[in-house]
1. Compute the semi-axes of the equivalent ellipsoid of region 266-319, taking the square root of 5 times each eigenvalue of the Cα gyration tensor, and list them largest first in whole Å.
2. To the nearest 500 deg cm²/dmol, what mean residue ellipticity at 222 nm is calculated for the chain from DSSP H runs of n ≥ 4 alone, each contributing -39,500 (n - 2.57), summed and divided by the residues?
3. Where does helix 276-285 land angle-wise versus the long Cα axis of the chain, in degrees 0 to 90, nearest 10?
4. Can you give the FRET efficiency for Arg145 and Met280, using 1/(1 + (r/R0)^6), R0 = 30 Å, r = Cβ-Cβ distance, to the nearest 0.05?
5. So, with a 1.4 angstrom probe, what is the percent of accessible area on the chain that is carbon and sulfur?
6. Hey, rough spin-label estimate for Ser168 and Ala44, points 7 angstrom out along Cα→Cβ, what's it come to in nanometres?
7. Could you work out the local net charge near Ser54, counting Lys and Arg as +1, Asp and Glu as -1, over the other residues with Cβ closer than 13 Å to its Cβ?
8. For Arg192, project a label point 7 Å along Cα to C-beta. Then give me every residue of region 232-275 with its amide nitrogen under 18 Å of that point.
Amino acid sequence: PPSRILPPLLLLLLAPGPTAPCSPPQPNATHFICTEPTLSTFPAGLPPTTLAVSVEFTALATLLPTALAGLPRLQELHLSSNRLATLPEPLLRPVPTLRVLDLTDNLLADLPTGIFTAAGHLQHLVLRGNRLQVLQPAWFRHLPRLQWLDLADNALTEVPPAIFHPLSSLHSLDLSHNRLATLAPDTLAGLRVLERLDLEGNQLGTLLPTVFAPTPALRLLFLQDNKLQTLPTGVFVPLRHLRVLDLSGNRLQALELPPGTMLDLDISGNPWACECPLLMLLRQAAPQLTASRNTLCASPAHRRGQEVAAVSRAGDTGC
């Protein structure tokens with residue numbers, strides 16, 4: 001499904017060319033892959049020709065500040081599924097051309113303030129599945145080329161206003177499965193080219209009327225499995241290019257839709273009030289309901305349990 005679109009990483013690790021085994025690295029190798037479960041120290045002596053490093057599913061718990069020294073051409077660094085709880089602040093300084101950094105499923109509760117200061121070429125940053133509770137504005141001040149930011153499956157309770165403003169090239173932002181109860185004003189400020197926003201599985205109870213105003217290019221919006229009870233009038237009006245909207249698994253009785261047509265819409269698992277405002281909106285907008293069997297009326301009593309789509313198509317609703 002669209003909510004599980006993977007980032008278009010460079011995938012240099014799959015590119016042809018000489019590769020280096022776990023140990024020892026080969027001269028002139030461009031790729032190094034190691035998934036040895038007992039590995040506890042970052043491999044040393046990688047050749048300066050190295051473009052991509054993958055050290056994943058190991059016992060690696062610490063990195064020296066000089067771990068990447070001597071790798072001036074490094075473009076991809078994959079460190080997922082290790083035991084990293086901290087990173088040294090100078091770690092990325094020797095690799096100014098780094099474009100992909102994947103730290104999925106580690107134990108990171110915080111990052112050094114200046115960790116990305118010298119990472120101006122970074123395009124994909126994946127911090128999914130860590131223990132981050134607070135986002136620091138300094139992390140994002142020097143990443144003008146960042147296109148993909150994945151912060152899912154952490155412990156974030158808030159997003160500071162305008163923290164993503166420097167990310168003028170960002171196309172995809174994943175904040176799913178955190179603990180966000182509200183989105184502050186200007187949460188999305190500066191994200192003029194953002195196309196995909198995932199907020200699934202948080203604790204959002206409401207949205208500000210203008211929360212999506214800074215993101216007119218948005219095409220995919222995932223709000224499923226939150227605690228939304230109402231939607232502000234016109235909240236989706238700025239999203240004229242929206243093609244996928246998932247509102248399933250909330251507590252909504254009334255609906256708001258973006259302008260335009262060609263919308264794939266999931267509104268299943270909500271207690272819909274099947275009265276004229278909802279029925280007329282669905283009839284006029286005619287979105288493609290992607291889970292109509294579980295999209296049921298909760299009220300009024302005589303329509304309880306009926307499929308919303310069937311009721312909206314019926315000619316005897318009195319609307």
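1. That gives 15, 14, 9 Å for the three semi-axes.
2. Numbers: 2 runs with 16 residues, N = 319.
Theoretical 222 nm ellipticity from helices: -1500 deg cm²/dmol.
3. Tilt of helix 276-285: around 60 degrees.
4. So, using R0 = 30 Å, E works out to roughly 0.10.
5. Working: 7770 of 14040 Å².
C and S atoms contribute 55 percent here.
6. The modelled label-to-label distance comes out at 4.3 nm.
7. Values: positive: none; negative: Glu36, Glu56, Glu76, Asp102.
Once all neighbours under 13 Å are counted, the net charge is -4.
8. 238-241
The values are calculated or read from the model by the stated rules, or taken from the named source; none is laboratory data. Bear in mind that the values here come from a model prediction, so they are computed numbers and not experimental data. Neighbour counts are summed over all protein chains in view; Cβ atoms, including those assigned to glycine, are modelled from backbone coordinates with ideal geometry. These area figures cover heavy atoms from the full protein model, side chains too; ligands, DNA and RNA do not enter into them. Shrake-Rupley method; radii C 1.70, N 1.55, O 1.52, S 1.80 Å.
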